[in-house]
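Structure first, then comments.
The values are calculated or read from the model by the stated rules, or taken from the named source; none is laboratory data. Quick caveat, the model's predicted, so the values are computed rather than measured. Every residue, glycine as well, gets a Cβ built from its backbone with ideal geometry; the counts of neighbours run over all protein chains shown. Just the protein is used for accessible areas: all its heavy atoms, side chains included, with ligands, DNA and RNA removed. Shrake-Rupley method; radii C 1.70, N 1.55, O 1.52, S 1.80 Å.
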Amino acid sequence: MLGQVGDLFVIVLEGLRRSWDVRRWWWEFVDQCWFLARVTSVPVLLVSLPLGATVALQVGELAWQLGAGSATGSAVFVGLIREVAPLASALLIAGAGGSAMTSDIGARNIRDELSAMEVMSVNPIHRLVTPRMWAASTIAVCLCPLVILAGASGGYFFNVIVQGVTPGAYFDGALSLVVASDLYVTLFKAWIFGFIAAAVACYKGMTCATSPVGVGRAVNQSTVVTFMLVFTFNYVISAVYFLAYPPRSL
């Protein structure tokens, strides 16, 4: 395990080492951004709408029993901004985009394209890994507003239309607990999670067994490892943030 962690860090650091030479990987970065945006934008909306509605439904029922129905908006927005948005974007990047990255680089590996690039004095990490890491982190940040808007729309439907809370009370409660630092930390989380997803996907693709079965196993392993790392880093970042900026009270 320690050897695999070391290899992962080597690939990440080598990919970052030549990040300043943008003109060598710019068009690959654009292609990867377009691909990730195409395969994740619609699924993230379809995931966020029922998720926000479910949070509003469950929290709204409890809030009505406590006589605080207007607090549902606060719970929906705080949950979406602090936790749901970065996690949803990262998991979709890992599931839809990361699996494609692993299979693409793994296929290149079993066809010896990576070795051929090295023979031609082309560093495969700089050419393939660097643009994918930056593209995944960029698209993960861009997906956060979509998650927040879709989740808030689902919460609005159940809380206002179904449960009868006034729109003013819903949005007033939503804005009472959310601060600007919550959004900054959310975008930072999304950037880190997207970077992790691409790094793990590229590492698994470059080190997979040279067979079709090895590529399939690498895709499965990259998704599982990414999920574990994302939830671990999410806990660490959230704990540090809450220590530095304690949550506000109503």
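Where a ≥ b ≥ c are the square roots of the eigenvalues of the C-alpha gyration tensor, would you call segment 77-162 rounded, which needs a/c under 1.5, or, failing that, prolate if a/b is larger than b/c, or oblate? Here segment 77-162 falls in the prolate category. Since only Thr166, Leu128, Pro50 are under comparison, the one whose Cα sits farthest along the positive direction of the charge dipole of the chain, derived from C-beta charges on Lys, Arg, Asp and Glu, is Leu128. Measuring nothing but how far apart in sequence close Cα pairs (under 8 Å, 6+ apart) lie, relative to its length, the chain scores a relative contact order of 33 percent. For segment 104-114, backbone phi angles converted through the Karplus equation (6.51, -1.76, 1.60; θ = phi - 60°) give residue-by-residue couplings of 5, 5, x, 5, 5, 5, 6, 8, 6, 5, 5 Hz, Gly and Pro being listed as x.
Helical content alone sets the calculated 222 nm signal of the chain at -26000 deg cm²/dmol, taking -39,500 (n - 2.57) per DSSP H segment of four or more residues and averaging over every residue.
The heavy atoms of Thr226 present about 0 square angstrom of accessible area, all protein chains included, probe 1.4 Å. Note on Ala37 and Met228: the extension gain reaches 66.4 nm, defined as 0.36 nm multiplied by sequence separation minus the Cα-Cα distance. Divide the volume of the convex hull around the Cα atoms of segment 174-233 by the residue count and you get 80 Å³ per residue. Carbon and sulfur atoms: what percent of the 1.4 Å accessible area of the chain do they account for? Percent of accessible area from carbon and sulfur atoms in the chain: 70.
Distance from the C-alpha centroid of segment 1-57 to that of segment 88-151: 6 Å, rounded to the whole angstrom. Charges were assigned to the Cβ only: +1 to each Lys and Arg, -1 to each Asp and Glu. The resulting dipole of the chain about its Cα centre is roughly 260 debye.
Applying a DSSP loop filter and a limit of 14 other Cβ atoms within 10 Å to the trypsin sites (Lys or Arg not before Pro) in segment 145-249 leaves Arg248. The angle separating the long axis of helix 130-156 from the principal Cα axis of greatest extent in the chain is about 20 degrees. Taking Cβ atoms as reference points and 15 Å as the exclusive limit, the residues near Ala197 contribute a net charge of +2, counting Lys and Arg as +1 and Asp and Glu as -1.
Taking the C-alpha atoms only, the angle from helix 26-66 to the longest principal axis of the chain is near 30 degrees.
Between the beta carbons of Val30 and Thr166, assuming R0 = 35 Å, the FRET efficiency works out to 0.20 to the nearest 0.05. Going by accessible surface with a 1.4 Å probe and the largest first, Phe227, Phe29, Phe157 read Phe157, Phe227, Phe29. Estimated at 0.36 nm per residue, the fully extended path between Asp7 and Val22 surpasses their Cα-Cα distance by 3.0 nm. In order along segment 226-241, the Karplus-derived 3J(HN,Hα) couplings, from 6.51 cos²θ - 1.76 cosθ + 1.60 at θ = phi - 60°, round to 4, 4, 4, 5, 5, 5, 5, 5, 4, 5, 5, 5, 5, 5, 5, 5 Hz, and Gly and Pro are given as x. Rg and Dmax of segment 44-240, based on Cα coordinates, read 20.4, 71 Å.
Counting only the Cα atoms, segment 1-156 fills a convex hull of 134 Å³ per residue. Using a/c under 1.5 as the rounded threshold, could you call segment 129-250 rounded, prolate or oblate? The axes a ≥ b ≥ c are square roots of the C-alpha gyration tensor eigenvalues, and prolate needs a/b larger than b/c, oblate otherwise. Taking the square roots of the gyration eigenvalues as a ≥ b ≥ c, segment 129-250 is prolate.
Ligands, DNA and RNA are left out, and with a 1.4 angstrom probe the accessible area of the chain is 50 Å² per residue.
The largest accessible area among Phe35, Phe195 belongs to the first residue in Phe35, Phe195, and the rest follow in falling order (1.4 Å probe, all chains). With 0.36 nm allotted per residue and the present C-alpha distance subtracted, the Leu183-Glu14 stretch has 57.8 nm of extension available.
FRET efficiency for the pair Gln58 and Ser153, taken as 1/(1 + (r/R0)^6) with r the Cβ-Cβ distance and R0 = 25 Å, rounds to 0.90.
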